[in-house]
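Following: one structure in structure tokens, then a few remarks.
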Amino acid sequence: MNSATTLRSGATIAATLYSVILVGLGLYPSQFRYVFAYIPATVGHGVVVFDKWAWRWPVIHRLTGRPSVTGTWRVVLFPSPVSRIPEGGTGDRSPPT
């Protein structure tokens, strides 16, 4: 599991656990005076949804300015004229991956 998945899972678990504790204490969101107690859980779930999916949605993508990294990326690397490559190359003759 990579770090992004771990953080998303932790945020989801924390927000859900917080909501379950509120319900267990009898603080239901249907009662207007307790609606504000659910804001942290809503923000927690919202951050996970944004990080996982929402930033790609066209309208939100224009507002956030996150780069689109989808698709195939191809690049050709050239050494700088001032790079210090040893005579005969680097010794790595494996084919590019």
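The values are calculated or read from the model by the stated rules, or taken from the named source; none is laboratory data. Small disclaimer: the values here were computed from a predicted structure and weren't measured. Cβ placement follows ideal geometry from the backbone for every residue including glycine, while neighbour counts extend to all protein chains displayed. Surface accessibility is based on the protein's heavy atoms, side chains included, excluding ligands, DNA and RNA. Shrake-Rupley method; radii C 1.70, N 1.55, O 1.52, S 1.80 Å.
Exactly one residue among ALA15, ALA41 is under 26 Å from THR5 (Cβ atoms), in a helix (DSSP H, G or I) and in contact with a Phe, Trp or Tyr (Cβ under 6 Å, 6 or more places away or on another chain), and that residue is ALA41.
Residue-wise test of (1) surrounded by 10 or more Cβ atoms within 10 Å (Cβ to Cβ); (2) modelled with pLDDT of 85 or more; (3) in contact with a strand residue (DSSP E or B) (Cβ under 7 Å, 6 or more places away or on another chain).
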residue: ALA54; (1), (2), (3): yes, yes, no
residue: TRP57; (1), (2), (3): yes, yes, no
residue: HIS61; (1), (2), (3): yes, no, no
residue: SER68; (1), (2), (3): no, no, no
residue: LEU77; (1), (2), (3): no, no, no
residue: GLY89; (1), (2), (3): no, no, no
residue: ASP92; (1), (2), (3): no, no, no
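Within the stretch 51-64, the presence of at least one residue that is touching a residue at least 12 places away in the same chain (Cβ under 8 Å), in a helix (DSSP H, G or I) and not basic (Lys, Arg) is confirmed. Have a look at LEU77, LEU27 and point out the one that is in contact with a helix residue (DSSP H, G or I) (Cβ under 6 Å, 6 or more places away or on another chain), farther than 28 Å from THR5 by Cβ and assigned to a loop (DSSP other than H, G, I, E, B). Matching residue, one of LEU77, LEU27: LEU27.
When we screen ILE13, ILE39 for residues that are open to solvent by 90 Å² or more (accessible area, probe 1.4 Å), on the phi < 0 side of the Ramachandran plot, among the aliphatic types (A, V, I, L, M) and modelled with pLDDT of 90 or more, the only hit is ILE13.
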